[in-house]
1. Using alpha carbons only, how many angstrom separate the centre of segment D:415-447 from the centre of segment B:16-76?
2. Would you calculate, for the protein assembly as shown, the mean residue ellipticity at 222 nm contributed by helices, counting each DSSP H stretch of 4 or more residues as -39,500 (n - 2.57) and dividing by all residues, to the nearest 500?
3. For chain C, what is the relative contact order in percent, using Cα pairs closer than 8 Å and at least 6 residues apart in sequence?
4. With the cut-off at 21 Å, tell me which of the pairs D:Lys42/D:Lys370; C:Lys2/D:Lys324; C:Lys35/D:Lys324; D:Lys42/D:Lys497; D:Lys49/D:Lys444; A:Lys67/D:Lys140 have Cα atoms farther apart than that.
5. Working from the alpha-carbon coordinates of segment B:2-84, get Rg over Rh, Rh being the Kirkwood radius.
6. I'd like the distance between the alpha-carbon centres of segment C:108-129 and segment D:41-71, rounded to an integer number of Å.
7. Would you mind giving the three semi-axes, in whole Å and largest first, of the ellipsoid equivalent to segment D:68-126 according to its Cα gyration tensor?
8. Under the definition of partner shielding as Cβ atoms of other protein chains within 10 Å of a residue Cβ, what is the mean value for peptide C:57-66?
Amino acid sequence: MTRFRCAIHIVPRRGILDPQGKAVADALHSLGFADLSDVRVGRHVIVETEAATADAARARITAMCEKLLANPVTEDFEIASVEHA
Amino acid sequence: MTRFRCAIHIVPRRGILDPQGKAVADALHSLGFADLSDVRVGRHVIVETEAATADAARARITAMCEKLLANPVTEDFEIASVEHA
Amino acid sequence: MKAGIVRFPGSNCDEDAYHAIADHLGQEAVYLWHKDHDLQNVDLVILPGGFSYGDYLRAGAIARFSPIMREVIAFAKRGGPVLGICNGFQIACEAGLLPGALLRNASLRFVSAPAHLRVESIATRYTSQYHLNQVISIPVAHGDGRYTADADTLARLEGEGQVVFRYVNGDGEATAAANPNGSLRNIAGIVSAEGNVLGMMPHPERALDTTLGSTDGVPLFASILESMLAEVKA
Amino acid sequence: MVAEHGITEFEYERLIAMLGRTPTFTELGVVSALWSEHCSYKHSRPMLKTLPTKAPWVLQGPGENAGVISVGDGWAVAFKIESHNHPSAVEPYQGAATGVGGILRDVFTMGARPIALLNSLRFGPLTSSRVRWLFAGVVKGIGDYGNCVGVPTVGGEVVFDPSYEGNPLVNAMCVGLMREDELITAVASGVGNPIMAVGARTGRDGIHGASFASEDLSASSEAKRPMVQVGDPFTEKLLLEASLELIRSGHIVAIQDMGAAGLTSSSAEMAERGDVGVTIDVTKVPVREQGMTPYEILLSESQERMLVVAKLGHEEDVRAILAKWDLEAAVIGEVIAEPVYRVTEGERVVAEFPGSRLVTECPQYVLEPKESESLKAARGRSAHAVVALDDERDHAWTLERLLSSPTIASKKWVWQQYDSTVRTSTMRGPGSDAAVVKLRGTDKAIALCIDGNGRHVALSPRNGGRAAVSEAARNVACTGARPMAITNNLNFGNPKKPEVYFQLSEAIAGMGEACTVLETPVTGGNVSLYNENPQGAIHPTPTIGMVGLIESLSHVTPSGFQTVGDDIVLLGD
Ligand SMILES: Nc1ncnc2c1ncn2[C@@H]1O[C@H](COP(=O)(O)OP(=O)(O)O)[C@@H](O)[C@H]1O
């Protein structure tokens, strides 16, 4: 078994209002960062887990996301990286 | 000028209590994902911005993080990617 | 009638729900511990408000996996009445007992205030004692109350009369200003297709006593009792 | 290194005399925390001793985690106020949140269930973006914590004034309800009884927070930011339930919050109160991180932790109650007969002090007060000498100006973020002169308010001290309540400045006079000194938290006009 360090992105699905993203965009605007568009704020989750292979780790993380970490009604998830810990 | 799509990770600094990470780790444990350690929950921010070069975009994003996006007291940030939008 | 109030770690309106049943309605109330599997033969399950597991991942997401929830879900599937208030509504959505999801308030701020609601349906076991389109005042207190569902679900909810309460102004109009959290179509409460599960963000258990303000929650609890009595008779 | 610990040469010599040797590094840390102003009240204690503290209804006066008064029929009310000014200045959200967490623990460690929260806030003018950031963060921090735990925030006050720029004041008050016979105190006793750490694990949070709270805020405070601790209201809620269950179980003899200066302060104070010795092994303390030194474990200010003295042989029962609430409990030490405070790392002794002298021999300072000439002159100025603006002839203009000034304007933006109706007992919530909270199971209610007026105290400290108490009493009385007792938070500047010391001594004297006349004894409070920023000291701001008793719900009186045609009468001189 190997330890893997996995990073997951969970973001509000397109079309769903993202007030946090909007608040950040507005705040950045008022700080003088003018030319921004499309700020989105989601969650970044880091999990360390044991698995035989990187693929097995990925499968495990996918299961975690489907079961708990992401809400299928409003969020999309993506496994950003799976690395040896 | 080019449009860049940038992804930022903002995570609770090491040593700082992360109640969210702990709650998620405990929940995953009781769902039968036994061998986890060290779950951390942070934010994943996506910003699109204009800049002359990727390096310039990166500098801009760094400034945004330092000024607004990350809480310098409790969080670390990392620019995960800077890509042509 | 015997009502069971689930206590999750972080529930904090459990005592209020208990008093609503025991003191105001004069019925039997028991607490159901989240780690148990026994529903103690209750006739009604209340998922109370609060911050189960701190709402740290998403409101209701972790509580939904509590051992007792397996029994609650089975009870609901058998047609048993389940009332989810505030965090209980969020848990019911996460558990799939109700469609949709409750997201962070559009203002990004917690909102604690009396809210005007319009009763959109009196054909439910929870609202039979109200008048249709009656405007009532019930407190809201939540940070994640923005009801969201996809377009098909919304159309179905509206078409089937599953939207039970809507945020309105004092004149009964569902305006943006009267919407405390940015819920789609000003939705404050919905009922399941079978009519046995009600989820609502406002707190009817906080509107039962003249000395505390509104008593507009009384008909809701009275409706529940009435429907139970009718079932017993039938 | 001694100076870095905020210990003066005089204090260091005293320490050496007490030990009969030079202190170890760990000992220096312990002393620096215990002898900080925040823990030791070294500049204020002599003055606080002059306050009236007794009445037949006072069950617990100053000296415990919270004061307790009887409200009749076997019911009692515990209440206390606490400041988190300095932490909130650097990290407003967490600073304010952990302030609420701390005051909740002070109340439920007495055996009382928290039933209401209040807060008193001071900020600079809202025209500054930094002030807006502080204001929004503090309000959100207070709201998120109390809302999550499920204790209604029923009242408070917010004032904006340039004197608080850079040094906001964040005072939080908690009120709890219990049966009189459930009162428990933080007095260690019973040689051989195990000492247990209960609740959250210990991390490297907020080390030296207590000494930090005892320094002037300066640019270098910014560099101290990593010390700020993070609140976990969910764990607090579990700890609340577990602690109340523990107290009622009969398995423990004492319980105390690990607040400022953490394990050090809680264990030393419990031992001193019980006049016993204690020994603690830091390797037994459940930690969140590897490699923590004894120094760090002793001084960590990780939140949501309690120190418990269990009855010998009842350790497993204690553990079982904590486990029910998904929390940990670990035996970390023992009450001993030998009058020493001893800390070991395994077998190795890392700190050892002779008995309770660590607490009792903390130096106390009585300084020479002197009124500031400029404030004296300001007081002498005639109000008629202030020239009226042309616009002021139009009273509507003036009224509009007044009503739109942030200090006077509605604070709805603030209290809409606080759950004020949870627990279904709030008869009068935010927006009233005083809040009224029903005591479930009785026909009684209590009236609560928190009041202070820094500008008045600045101009006339003694009158201002009196006025703060009288204002609170009027607010409470207006609801139909009899004022019963107060808690207070003394927010002042650097006491080593004679003019600040003058303000402090005069304001305390005035407060005491009013409390004597109104028969509202002081049952506890908190002192926050060194509220300064580069521009100078804040306005001296004692805040008074008052509890009144309403004997029958039928006595509850609303404020606000009721019916058209009613007469309006002005009462008083
Ligand atoms: N301004 C005050 N008026 C009356 N009593 C006070 C005041 N400030 C502090 N005290 C009392 O002195 C005691 C100091 O105890 P301590 O545990 O060090 O306080 P804290 O919990 O605030 O750190 C407390 O009992 C507190 O009630």
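The values are calculated or read from the model by the stated rules, or taken from the named source; none is laboratory data. What you are looking at is a predicted structure, and each value in this text was computed from that prediction instead of being measured. Reconstructed Cβ throughout: ideal geometry from the backbone, glycine too, with neighbour counts over all protein chains shown. The area values use the complete protein model at the heavy-atom level, side chains included, leaving out ligands, DNA and RNA. Shrake-Rupley method; radii C 1.70, N 1.55, O 1.52, S 1.80 Å.
1. Cα centroid of segment D:415-447 versus Cα centroid of segment B:16-76: 39 Å apart.
2. Working: 29 runs with 294 residues, N = 977.
Using -39500 (n - 2.57) per qualifying helix, the result is -9000 deg cm²/dmol.
3. 19
4. Distance filter (> 21 Å) returns C:Lys2/D:Lys324; D:Lys49/D:Lys444; A:Lys67/D:Lys140.
5. Taking Rg over the Kirkwood Rh, I get 1.11.
6. Comparing the Cα centres of segment C:108-129 and segment D:41-71, I get a distance of 47 Å.
7. Numbers: eigenvalues 162, 29, 11 Å².
Ellipsoid semi-axes (Å, largest first): 28, 12, 7.
8. Values: counts 14, 8, 0, 1, 7, 8, 1, 2, 6, 1.
Going residue by residue through C:57-66 and averaging, the value is 5.
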